[in-house]
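Reading through the structure tokens given below for one structure.
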Amino acid sequence: MRRAWHVLLLVLAQSEALQLSISRRQALMAAARNSALLVSTSALLPPAALATGNMPAVQGTVTKMDGSVKKASTPDAAKKQIAAGYEEMGKLFDNYDSITGSSGGDGVRRSLGVVGTESPVYLIEAAFRLLFEADDTLPMEYIEKVESLMQNLSSADSEAYSAIFIEFSSAKGKPADYFARSKVAVGKARDDWKELMGYLGM
């Protein structure tokens, strides 16, 4: 009788293990299906819906991705890029309306270093962080200001990108509304940039 109970318990344990194995296999297969679905649907999404980073132009000429700006590898190179980037931000803010008039949202995004790789704003976060790592006298407020800068640059880009598609969307609004918000974000980013240069004694 006791032997029969042992056999029954063994069968039940094997059955439970088999069910657990099947459920794990089902979970893995479901995850694989979801991953494949994510890959296939990502091709249908506009670039702004994907991870942030350098993107091809939405309008106009095809963007060349082999631009001259490279990731700064020394403090001197980082400072030169930061100075050039601040000048680029000033030009963008001062000439915003003419840039959007002639080049649309991609003109703004090109200056922001999101379309193409020729703007000194491209890879600018790495330049600011390199200097923070090289100078242990810089306060944590410096990094907080870098994060604020990147958020404002992202907002400026997002609004300019949305302006490109709003005419063809069912969403309410006009391109001018998005461009206006983008310009405000550019101004805030420029203010952050100036404060960061103050920390750096530039």
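Here are some notes:
- Gain on full extension, evaluated as 0.36 nm per residue between Asp191 and Ser154 minus their Cα-Cα distance, stands at 11.8 nm.
- Listed cross-link partners Lys145/Lys174; Lys70/Lys183; Lys71/Lys145 are compared with a 22 Å cut-off, the Cα-Cα value being larger for Lys145/Lys174; Lys70/Lys183.
- Residues of segment 119-158 with amide N under 15 Å of a point placed 7 Å along Cα→Cβ from Lys80: 120-121, 127
- FRET efficiency, 1/(1 + (r/R0)^6) with R0 45 Å, evaluated for Val184 and Ser73 via beta carbons: 0.85
- Between Lys91 and Glu144, the distance separating the two model label sites (each 7 Å from Cα on the Cα→Cβ line) works out to 3.4 nm.
All of the numbers you see were taken from the coordinates with simple rules; none came from a lab. Note that the coordinates shown come from a computational prediction; the quantities given were computed from them, not determined experimentally. Cβ coordinates were reconstructed from backbone atoms using ideal geometry, including for glycine residues, and neighbour counts include every protein chain displayed.
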